[in-house]
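This report refers to the structure that appears directly beneath it.
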């Protein structure tokens with residue numbers, strides 16, 4: 001009995017240390033964005049020298065993506081001690097930032113639809129944050145802030161999405177408006193995205209980004225995380241009968257593929273567009289752990305160990321940040337040649353979505369389970385591993 005208690009205590013201590021490491025890494029990335037916006041200085045302080053022609057978009061890019069990643073942790077109840085104090089600080093910070101971003105009188109008021117195209121993308125990431133943390137990022141807001149945020153999200157409606165993953169940006173804005181209790185939620189935009197991506201499903205857990213397949217991580221950056229959460233909101237409706245189960249089964253398979261992409265040293269294949277989002281490529285893997293749709297043969301603790309190694313591998317590069325703590329473009333440090341023309345400093349904060357599992361309680365198996373080698377580490381050290389197969 002004593003040995004079992006000792007082992008449980010050791011597991012708990014290990015999990016606490018790893019969780020603390022994840023939390024420190026997440027807040028290191030998030031703090032410059034949220035603290036600058038709290039002071040209404042984000043537009044002045046966010047570096048825009050990299051692709052300065054996109055200066056107008058970058059504040060909302062940075063803010064929306066930061067919030068999308070930190071939201072589950074803000075929503076989590078039951079924390080204690082130092083982490084609880086930090087959480088309360090960031091909850092208050094988030095509420096202030098929402099007001100400063102959406103209040104037209106604020107010097108940091110953001111472009112939610114004044115310009116064509118890009119504002120829809122970034123409004124959608126902020127909308128996804130509200131869907132992920134409705135109590136902390138909506139219900140606790142004061143009346144004026146609710147009014148400003150509602151108007152901001154609706155402003156993005158003037159932008160027509162192209163027939164790609166952008167359909168989910170419109171659908172996610174409308175999903176957030178439904179969460180917020182807005183009666184004029186436009187279900188046509190949601191239904192259209194759902195219908196088109198059902199047509200674009202290619203098999204074995206992968207959707208086309210439009211009618212064609214692309215070698216990139218957009219199934220994890222946008223498509224499947226938003227599709228899953230839209231189905232979690234509306235999947236019980238008769239029109240979507242049985243679809244949530246199918247969507248989550250496909251996402252479960254894709255999460256399994258993502259785990260197998262993490263190499264023995266924590267690296268991963270650098271391919272496709274937007275690779276400068278760094279470990280944001282594993283958003284869906286973290287979401288599968290958070291929302292409990294990992295495949296049964298993939299233990300949560302194995303996912304934690306693999307993702308921890310990736311966080312360490314990427315963040316070991318000293319030049320990932322500038323001298324003031326802002327992200328710089330690249331994968332392993334500063335590699336601006338890896339960034340497309342639409343990538344600015346603000347865009348890079350999609351990496352925050354790797355931290356979704358911090359929305360799980362410290363006692364959850366994801367954190368408390370014993371250290372486990374992940375698939376590629378086991379394979380390349382000569383251990384026996386169950387073969388992969390399609391669904």
message: Using a Gaussian network model on the chain with a 10 Å cutoff between Cα atoms, which of 163, 269, 211 fluctuates the most?
response: 269
statement: extent check for the stretch 187-267: Cα max minus min per principal axis, descending, whole Å, gives 45, 24, 18
field: Relative contact order (%) - the stretch 2-379, alpha-carbon pairs under 8 angstrom, separation at least six
entry: 24
- line: With -39,500 (n - 2.57) per DSSP H segment of 4 or more residues and division by the full residue count of the chain, the 222 nm estimate, nearest 500 deg cm²/dmol, is -16500 deg cm²/dmol
message: Using a Debye calculation, one point per C-alpha and no hydration shell, please list log10 I(q)/I(0) for the stretch 287-391 at q = 0.13, 0.14, 0.22 Å⁻¹ in order.
response: -0.65, -0.74, -1.15
- line: Note: residue 82 to residue 106 extended length (0.36 nm per residue) minus current alpha-carbon separation gives 5.4 nm
query: Between Rg and the Kirkwood Rh of the stretch 2-379, both from Cα atoms, what is the Rg to Rh ratio?
result: 0.94
- prompt: Kirkwood hydrodynamic radius (Cα pairs, Å) of the stretch 116-249?
  reply: 15.1
message: Mean-square fluctuation check for the chain, GNM, Cα pairs under 10 Å: which of 210, 78, 235 is largest?
response: 78
query: Taking the convex hull of the alpha carbon atoms in the stretch 15-58, what volume per residue do you get, in Å³?
result: 83
task: Just report the Cα centroid separation between the stretch 211-240 and the stretch 362-391, whole Å.
output: 26
field: Spatial separation of Cα centroids for the stretch 20-40 and the stretch 98-148, in angstrom
entry: 18
query: If only Cα atoms are counted, what is the Rg of the stretch 78-170, and what is its Dmax, in Å?
result: 14.7, 47
query: Which residue fluctuates the most in the chain, going by a Gaussian network model with Cα springs under 10 Å, if the choices are 71, 102, 92?
result: 92
- request: Could you check how many percent of all C-alpha pairs in the stretch 247-335 are farther apart than 14 Å?
  value: 64
task: Determine Rg/Rh for the stretch 332-391; Rg is computed over alpha-carbon atoms and Rh is the Kirkwood hydrodynamic estimate from the same atoms.
output: 1.12
query: Based on the mean of other beta carbon atoms within 10 Å per residue, what is the order of 214-220, 348-354, most packed first?
result: 348-354, 214-220
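None of the figures in this text is laboratory data; all of them are computed from the coordinates on show. Treat the numbers as computed from the prediction; the structure is a model and nothing was measured. Cβ atoms come from the backbone with ideal geometry, glycine included; neighbour counts cover every protein chain shown.
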